[in-house]
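The values are calculated or read from the model by the stated rules, or taken from the named source; none is laboratory data. If you're wondering where the values come from, they're calculated on a predicted model, not measured in any experiment. Here the Cβ positions follow ideal geometry from the backbone for every residue, glycine too, while neighbour counts run over all protein chains shown. What goes into the accessible areas is simple: the full protein's heavy atoms, side chains included, and nothing from ligands, DNA or RNA. Shrake-Rupley method; radii C 1.70, N 1.55, O 1.52, S 1.80 Å.
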Amino acid sequence: MRRPPRIVLTYPIHARAISEELSPHARVTIARTRAELLRSLRDADALITRVFDRVDEKLLDLAPKLRAVGNYGVGVDNIDLRACARRGVRVANTPDVLTRATAELTVALLFAAARRFPEGEALCRSGRFRGWQPDLLLGQELQGRRAVLVGKGRIGRETGRLFRALGLKVEWITRKDTPGMVQKKLKRAQVLSLHIPLTSETLGWLDESRLALLPPEAIVLNTTRGPVVDESALVRVLKERKIFAAGLDVFEKEPEIPLALRRLPNVVLSPHLGSATAEAREAMARLVISGVLSILGGKRPWNEVNPNETSC
Ligand code: DGY
């Protein structure tokens, strides 16, 4: 009888999913430290990673038997897909099941930024709230405002649907837009929400020159990856009140959040919580496990990542 495959996880992603879906079919190792990970890779048929665990040539060199990588997340910018493809290592991720959770978090950030939650909360917690005032912390009503979403993948489309349900006018910037069209859309973006994966082409997409096109009432939202925004340029426009506010779930050098950003009153911050609902995280665990087991079983799962394409 053939021995079950060795599957290494960099984190015990979801106890029930592991015991129900993975342990019956595999020898499971949870590598809690980098040293443990490097040791256990020698013998690994598959590896399940979190979105910030780097899978590069160096790591692959240590894993001669590896046939599958499962990323517990939809973004695969932590994985060198071409290096994997060259070695016949196939990759699966967790699209779809986190789409709604991430879109809902984007809406939460939008409301919080538009209604100045950080300032209101700080005031309440400080004990200095002196009662209702006609001009206290006036925010923006969202109905009828124009939202421009960058990226029309699953999360971009779902966020657009939710924005429309709130009465916003929605349009997208996609790869098909000419530079002129992008400029035009940015100039009218009262809400600008980013939903593009991080690749060499999207690195620093929202840079100083694009930020300068936004109207003064604009709210910038980022729930994809920090490095698609030039964070220092964003801090400058927020500080100089050239835009109204920002809602950020991701950061350029995560988990580091620069002091200059943390000090700004007109920014809402959340610690990479896009898919952080109990429902999404369980579904992600089951999906990544089934993707990896299918690959090891010689099948082609629907959530296998095409090395030439990445989308949210
Ligand atoms: C993803 O899936 O890429 C998210 O960032 C993890 O929540």
Counting Lys +1, Arg +1, Asp -1, Glu -1, what net charge surrounds residue 301 among other residues with beta carbon under 15 Å of its beta carbon? +2
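Where does the charge balance sit around residue 177 when Lys and Arg score +1, Asp and Glu -1, over other residues with C-beta under 11 Å from its C-beta?
+4
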Please list, in order, the residues from region 41-66 whose amide nitrogen is less than 17 Å from a point placed 7 Å along the Cα→Cβ vector of residue 86. 55-66
Apportionment of accessible area to carbon and sulfur, region 99-269, percent (1.4 Å): 53 percent
Per residue and in cubic angstrom, what volume does the convex hull of the Cα atoms of region 99-269 have? 120 Å³
If we count every other residue with Cβ under 9 angstrom of residue 208's Cβ, Lys/Arg +1 and Asp/Glu -1, where does the sum land? 0
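Can you give the % of DSSP beta bridges in the chain that are antiparallel, to the nearest 5? Walk me through the numbers on the way to the answer.
Numbers: 2 of 39 bridges.
If I count the DSSP bridges inside the chain, around 5 percent turn out antiparallel.
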I want to verify the translational diffusion coefficient of region 7-62 in µm²/s; compute it with Stokes-Einstein, Rh as the Kirkwood radius over Cα pairs, at 10 °C and 1.306 mPa s. 136 µm²/s
Between residue 93 and residues 5 or more places away or on another chain, which pairs have amide H atoms under 5 Å apart, with H built 1.01 Å from N, and which residues are they? 71, 305
Give me, ordered by chain and number, the residues 5 or more places off residue 79 or on other chains with an amide H under 5 Å from its own placed amide H. 55
Sorted by chain and then number, the residues having a modelled amide H within less than 5 Å of the amide H of residue 193, at least 5 places away or on another chain, are 148, 149, 150, 221
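Counting every Cα pair in the chain, what percent are over 32 Å apart? All intermediate terms of the calculation are to be shown ahead of the outcome.
Values: 16485 of 48516 pairs.
Roughly 34 percent, rounded to a whole number.
Evaluate the relative contact order of the chain (contact order divided by residue number), counting alpha-carbon pairs under 8 angstrom at least 6 apart; express in whole percent.
Numbers: 580 pairs, mean separation 63.2, N = 312.
Once divided by the residue count of the chain, the mean separation gives 20 percent.
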Heavy-atom accessible area per residue, region 99-269, 1.4 Å probe: how many Å²? 52 Å²
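Could you sort the peptides 33-43, 254-264 by per-residue average Cβ neighbour count (10 Å cutoff), highest mean leading? Can you show the working numbers first?
Values: 33-43: 14.5, 254-264: 12.9.
Peptide ranking by packing, descending: 33-43, 254-264.
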